[in-house]
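Undergrad: Let me give you the structure first, and then I'll get to my questions.
The values are calculated or read from the model by the stated rules, or taken from the named source; none is laboratory data. None of these values were measured; they are calculated from a predicted model. Positions of Cβ are backbone-derived with ideal geometry, glycine not excepted, and every protein chain shown enters the neighbour counts. Only protein heavy atoms, including side chains, enter the accessible area calculation; ligands, DNA and RNA are left aside. Shrake-Rupley method; radii C 1.70, N 1.55, O 1.52, S 1.80 Å.
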Amino acid sequence: MIGPLSPSIVTVRRKPGAHSRGLLSVGGGSVVFHVALGKGGISALKREGDGATPRAEMAMLHGYWRTDKGPRPETALPMQPIRHDAGWCDAPWHAAYNRPVRLPFPASAETMRRTDDLYDIVLVLDWNIASRQAGRGSAIFMHLARPGYLPTEGCIALARRDMLRLLRSVSSLTRVAVIG
């Protein structure tokens with residue numbers, strides 16, 4: 001457990017000298033995790049397909065996990081199993097833009113049940129969800145990192161052990177502040 005109370009703010013900043021790597025701090029910096037960021041770095045002008053992690057403060061809305069890859073993570077955050085037909089619409093012109101959808105889907109959609117391990121645990125951050133704008137970016141998640149913390153398409157990615165540790169201390173009241 002990181003602390004007895006859920007942190008209200010989780011802060012993400014660029015790691016000095018690294019464009020697409022970052023540091024995620026919890027509890028005012030008492031715990032720090034390495035993270036991968038978008039291949040486009042951090043941007044205040046996030047756009048669909050730019051590969052950037054948005055500079056913003058975002059709520060942790062809920063999460064998903066692969067039931068075939070482990071038990072439900074220990075967390076106060078609402079979690080749902082990832083269904084076999086789960087997708088996420090990334091077509092800016094579609095009415096379901098930046099929303100979960102069922103696959104197959106008639107427009108462009110990301111597969112949530114991936115063949116790699118990145119979405120074994122995935123948290124949905126409130127980027128362009130509560131107040132959606134076409135083309136402002138979709139599927140900004142916190143998920144598991146590739147070996148070596150290779151860049152993401154705009155998400156924040158942690159090692160599995162760090163994600164599990166973080167999850168024990170967050171809730172839907174937690175906010176993620178990407179500050180640059």
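Undergrad: Among the residues of segment 140-147, are any touching a strand residue (DSSP E or B) at 6+ places or on another chain (Cβ under 7 Å), aliphatic (A, V, I, L, M), open to solvent by 60 Å² or more (accessible area, probe 1.4 Å) and under 19 Å from GLY51 (Cα atoms)?
TA: Scanning segment 140-147 turns up no residue that is touching a strand residue (DSSP E or B) at 6+ places or on another chain (Cβ under 7 Å), aliphatic (A, V, I, L, M), open to solvent by 60 Å² or more (accessible area, probe 1.4 Å) and under 19 Å from GLY51 (Cα atoms).
Undergrad: Can you tell me how many residues in segment 91-126 are in contact with a Ser or Thr (Cβ under 8 Å, 6 or more places away or on another chain) and buried (at least 21 other Cβ atoms within 10 Å of the Cβ)?
TA: Total meeting the criteria: 2.
Undergrad: In segment 87-129, what count of residues is obtained for those that are hydrophobic (A, V, I, L, M, F, W, C) and either more than 15 Å from MET142 (Cα to Cα) or touching a helix residue (DSSP H, G or I) at 6+ places or on another chain (Cβ under 7 Å) (or both)?
TA: First, pick out the residues of segment 87-129 that are hydrophobic (A, V, I, L, M, F, W, C): 88-89, 91, 93, 95-96, 101, 103, 105, 107, 109, 112, 118, 121-125, 127, 129.
Narrowing further to those that are either more than 15 Å from MET142 (Cα to Cα) or touching a helix residue (DSSP H, G or I) at 6+ places or on another chain (Cβ under 7 Å) (or both): 89, 91, 93, 95-96, 101, 103, 105, 107, 109, 121.
Summing the residues that are hydrophobic (A, V, I, L, M, F, W, C) and either more than 15 Å from MET142 (Cα to Cα) or touching a helix residue (DSSP H, G or I) at 6+ places or on another chain (Cβ under 7 Å) (or both) in segment 87-129 gives 11.
Undergrad: Something else now. Pairs under 7 Å by beta carbon, first residue more than 13 Å from ARG114 (Cα to Cα) in segment 71-85, partner open to solvent by 70 Å² or more (accessible area, probe 1.4 Å) and part of a loop (DSSP other than H, G, I, E, B), six or more apart or different chains?
TA: Within 7 Å, the pairs are GLU74/ARG168; THR75/ARG168; MET79/ARG72.
Undergrad: Just the residues that are out of contact with any strand residue (DSSP E or B) (no Cβ under 8 Å at 6 or more places or on another chain) and over 18 Å from GLY154 (Cβ atoms), please, taken from segment 84-103.
TA: Across segment 84-103, the qualifying residues are HIS84, TRP93, HIS94, ALA95.
Undergrad: Continuing with this model, one more query. Looking at segment 108-147 only, could you name the residues that are among the acidic types (Asp, Glu) and under 13 Å from the mean Cα position of the chain (by Cα)?
TA: Of the residues in segment 108-147, the ones among the acidic types (Asp, Glu) are 110, 116-117, 120, 126.
Listed by number, the residues that qualify are ASP120, ASP126.
This table checks each residue for (1) modelled with pLDDT under 95; (2) of a type in the set (Asp, Glu); (3) open to solvent by 30 Å² or more (accessible area, probe 1.4 Å).
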{"position": "MET1", "(1), (2), (3)": "yes, no, yes"}
{"position": "PRO7", "(1), (2), (3)": "yes, no, no"}
{"position": "GLY28", "(1), (2), (3)": "yes, no, yes"}
{"position": "HIS34", "(1), (2), (3)": "no, no, yes"}
{"position": "ARG66", "(1), (2), (3)": "no, no, no"}
{"position": "GLY70", "(1), (2), (3)": "no, no, no"}
{"position": "ILE82", "(1), (2), (3)": "no, no, no"}
{"position": "GLY87", "(1), (2), (3)": "no, no, no"}
